Amino acid sequence: MSDKPDTPGLQSWDEDPDRTERLPELALDEPAALESRVRELESELVALEDRLREQGGIIAGLEASLAEAREAVEQLTRERDELRESGGQVAVEQARTQSLPPPVFRPALVRVDDDHGDRIELCGSDLTIGRTPDNDLPIRHASVSRRHARVVMAAEGVCIEDAGSRNGLIVNERRAHRAVLSHGDIIQLGQVQLRFEAASP
């Protein structure tokens, strides 16, 4: 006869065939499985880091290429603007040159006895030459008379006449009362010398 109490509805540990199913679900090999899983995660992490580094290198390369492309675009833009500007300037200069009338060279008297080389253009009207300021061409020199000579626009050309001066009128080293001037003629009034220019120097 058994010493164990006969309790209805209860079974002993040894008599329970499903006792292993009621144990906590912690298998004896679980630490090994966790360690394997940790290694797998570490491998995945290393792979992710490698991919990130690779992608970072790709991004850096793309950024460098983008910077070079931007610089090339800016250079092309500058060159285009310079070409437009220079082309515009050339076009404007050509248009200005084509639209301008040919230059008009007026006859002139140029003083050649000093270092100034004063040039007086003859604008198509008669003028007087003398020492006093009321002349059209005043020459302040003691050898020049107050009213020394007149330049006259005549039918035969530009003429110069003596206006009754004390020292007379000399053209090309010859005394004259009136002379028709030609390009390069030297006119002497007292000690002052003028050169007649009929065209551009």
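The values are calculated or read from the model by the stated rules, or taken from the named source; none is laboratory data. In this text the structure is predicted, and so the values were computed from the model without any measurement. Neighbour counts run over all protein chains shown; Cβ positions are idealised from the backbone, glycine included. Surface accessibility is based on the protein's heavy atoms, side chains included, excluding ligands, DNA and RNA. Shrake-Rupley method; radii C 1.70, N 1.55, O 1.52, S 1.80 Å.
For segment 128-140, what are the residues that are surrounded by fewer than 16 Cβ atoms within 10 Å (Cβ to Cβ) and closer than 18 Å to Gln188 by Cβ?
Hits for segment 128-140 are Pro138, Arg140.
Condition (residue is closer than 18 Å to Ser182 by Cβ and hydrophobic (A, V, I, L, M, F, W, C)) applied to segment 133-144: is it met by at least one residue?
No, segment 133-144 has no match at all.
Could you tell me which residue of segment 181-201 is nearest to Asn135 (Cα to Cα), considering only residues that are without any contact (Cβ under 8 Å) to a residue 40 or more places away in the chain and of a type in the set (S, T, N, Q)?
Gln188
Any residue that is at pLDDT 95 or above, loosely packed, with under 15 Cβ neighbours inside 10 Å and not hydroxyl-bearing (Ser, Thr, Tyr) - is there at least one of those in segment 149-172?
yes
Test Glu35 against the criterion of being modelled with pLDDT of 75 or more, over 60 Å from the mean Cα position of the chain (by Cα) and either assigned to a loop (DSSP other than H, G, I, E, B) or acidic (Asp, Glu) (or both), and give yes or no.
Yes, satisfied.
Right, Ser125: open to solvent by 60 Å² or more (accessible area, probe 1.4 Å), touching a residue at least 12 places away in the same chain (Cβ under 8 Å) and not basic (Lys, Arg) or not?
For Ser125, the condition - open to solvent by 60 Å² or more (accessible area, probe 1.4 Å), touching a residue at least 12 places away in the same chain (Cβ under 8 Å) and not basic (Lys, Arg) - is met.
Among Gly117, Gly87, Gly61, Gly56, which is on the phi > 0 side of the Ramachandran plot and either at pLDDT below 85 or surrounded by 10 or more Cβ atoms within 10 Å (Cβ to Cβ) (or both)?
None of the others qualify; the one that does is Gly117.
Just name the residue that is nearest to Ile129 (Cα to Cα) out of those in segment 145-180 that are part of a loop (DSSP other than H, G, I, E, B) and in contact with a Leu (Cβ under 9 Å, 6 or more places away or on another chain).
Of everything passing the filter in segment 145-180, His148 is nearest to Ile129 (Cα to Cα).
When you scan segment 181-201, how many residues do you find that are on the phi < 0 side of the Ramachandran plot, part of a loop (DSSP other than H, G, I, E, B) and not hydroxyl-bearing (Ser, Thr, Tyr)?
Going through segment 181-201 one residue at a time, the tally reaches 7.
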